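First comes the structure, then the notes that go with it.
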Amino acid sequence: MRRRLLVDLVSVAPPRLAGVTAADRYRRLAGVFDTMVEAIGPGDWDKPSPCEGWSARDVLSHVLDSEADVVTRFGLSIERSVDLTDDPVAAWREVRDGMQSVLDDPATAALEYESFGSPTTIADTIERFFCFDLIVHRWDIARAAGKDIAILTEDVDAARAFLDSMGQMFYDYGASAPAVAVSDEASPQDKLLGRAGRDPQWSVS
């Protein structure tokens with residue numbers, strides 16, 4: 001429930017980048033996310049992640065559940081015939097392809113709803129909230145598998161702008177653990193991860 005309430009706050013998030021559609025941005029970030037998911041070994045999916053109490057598989061399950069759930073408020077559905085336990089990569093790709101179809105269709109991408117008294121669309125919701133998820137949860141899954149990844153500067157900037165727009169609501173609505181303090185000399189990526197409730201130096205024990 002807290003997750004859904006936070007999605008309702010997307011109307012306060014920053015506007016999308018000029019000339020970049022929600023479909024295009026999701027496609028690019030989902031492509032990068034897909035590369036990481038494919039690189040995870042079968043034995044790594046049940047290892048702990050930086051998200052306390054969640055394995056890498058749990059993180060992916062959260063991504064899939066969230067994306068499949070948000071379209072239901074518009075009377076839409078995303079097919080989920082693949083068991084995440086059996087094939088995490090195929091389960092991810094099924095949901096990814098379903099979401100991409102929603103965004104690629106102008107009629108469904110433009111479906112509107114009221115968010116705290118302001119109109120917004122499914123495309124805005126996916127771009128501003130769920131694209132943030134793809135950025136940070138890619139890092140979570142990578143770290144669970146002991147991999148180091150770099151987040152593109154433009155994605156760090158976009159994620160930071162999202163957090164700026166959310167302010168304390170990001171934590172109050174349970175979307176993240178409390179911010180983790182990092183040094184003033186930390187990289188922009190590490191500062192972003194700290195604000196998103198992650199220890200940039202986290203590693204599997």
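The values are calculated or read from the model by the stated rules, or taken from the named source; none is laboratory data. This structure is a prediction, so every number in the text was calculated from the model and none was measured. Here the Cβ positions follow ideal geometry from the backbone for every residue, glycine too, while neighbour counts run over all protein chains shown.
May I ask you to say which residue of 131, 51 is within 21 Å of residue 21 (Cβ to Cβ), buried (at least 18 other Cβ atoms within 10 Å of the Cβ) and within 14 Å of the chain's Cα centre (by Cα)? Can you show your working first?
Working: 51 fails: within 21 Å of residue 21 (Cβ to Cβ).
Of the residues listed, the single one that is within 21 Å of residue 21 (Cβ to Cβ), buried (at least 18 other Cβ atoms within 10 Å of the Cβ) and within 14 Å of the chain's Cα centre (by Cα) is 131.
Hey, any hits in segment 183-203 for a residue that's under 30 Å from residue 73 (Cβ atoms), without any contact (Cβ under 8 Å) to a residue 12 or more places away in the chain and either in a helix (DSSP H, G or I) or of a type in the set (Lys, Arg) (or both)?
Scanning segment 183-203, I find no residue that is under 30 Å from residue 73 (Cβ atoms), without any contact (Cβ under 8 Å) to a residue 12 or more places away in the chain and either in a helix (DSSP H, G or I) or of a type in the set (Lys, Arg) (or both), so the answer is no.
Looking only at segment 166-190, which residues are surrounded by fewer than 17 Cβ atoms within 10 Å (Cβ to Cβ) and more than 20 Å from residue 62 (Cβ to Cβ)?
Matches in segment 166-190: 167, 168, 181, 183, 184, 185, 186, 187, 188.
Report whether or not residue 150 is surrounded by fewer than 18 Cβ atoms within 10 Å (Cβ to Cβ) and not basic (Lys, Arg).
On the way: surrounded by fewer than 18 Cβ atoms within 10 Å (Cβ to Cβ): yes; not basic (Lys, Arg): yes.
Yes.
Residue 63 versus (1) over 18 Å from the mean Cα position of the chain (by Cα); (2) at pLDDT 95 or above: which is the lone unmet condition?
All conditions pass for residue 63, except number (1).
Does residue 114 satisfy the condition of being among the charged types (D, E, K, R), outside any helix (DSSP H, G or I), exposed (fewer than 13 other Cβ atoms within 10 Å of the Cβ) and touching a residue at least 12 places away in the same chain (Cβ under 8 Å)?
No: the conditions fail for residue 114.
Is segment 9-18 home to any residue that is modelled with pLDDT of 95 or more and closer than 16 Å to residue 130 by Cβ?
Step one: filter segment 9-18 for residues modelled with pLDDT of 95 or more, giving none.
Checked against the condition, which is being modelled with pLDDT of 95 or more and closer than 16 Å to residue 130 by Cβ, segment 9-18 yields no hits at all.
Which of (1) in a loop (DSSP other than H, G, I, E, B); (2) surrounded by 18 or more Cβ atoms within 10 Å (Cβ to Cβ) does residue 136 not meet, given it meets every other one?
(1)
Just wondering, is there one or more residues in segment 149-159 that are closer than 18 Å to residue 50 by Cβ, in contact (Cβ under 8 Å) with a residue 12 or more places away in the chain, in a helix (DSSP H, G or I) and not β-branched (Val, Ile, Thr)? Before you say what the answer is, go through the steps one by one.
Residues of segment 149-159 closer than 18 Å to residue 50 by Cβ: 149-151, 155-156, 159.
Those left that are additionally in contact (Cβ under 8 Å) with a residue 12 or more places away in the chain: 149-151, 155-156, 159.
This time we only want the ones that are in a helix (DSSP H, G or I), so: 155-156, 159.
This time we only want the ones that are not β-branched (Val, Ile, Thr), so: 155, 159.
So far as segment 149-159 goes, yes, one or more of its residues are closer than 18 Å to residue 50 by Cβ, in contact (Cβ under 8 Å) with a residue 12 or more places away in the chain, in a helix (DSSP H, G or I) and not β-branched (Val, Ile, Thr).
Would you tally the residues in segment 173-205 being polar (S, T, N, Q) and under 11 Å from residue 156 (Cβ atoms)?
2
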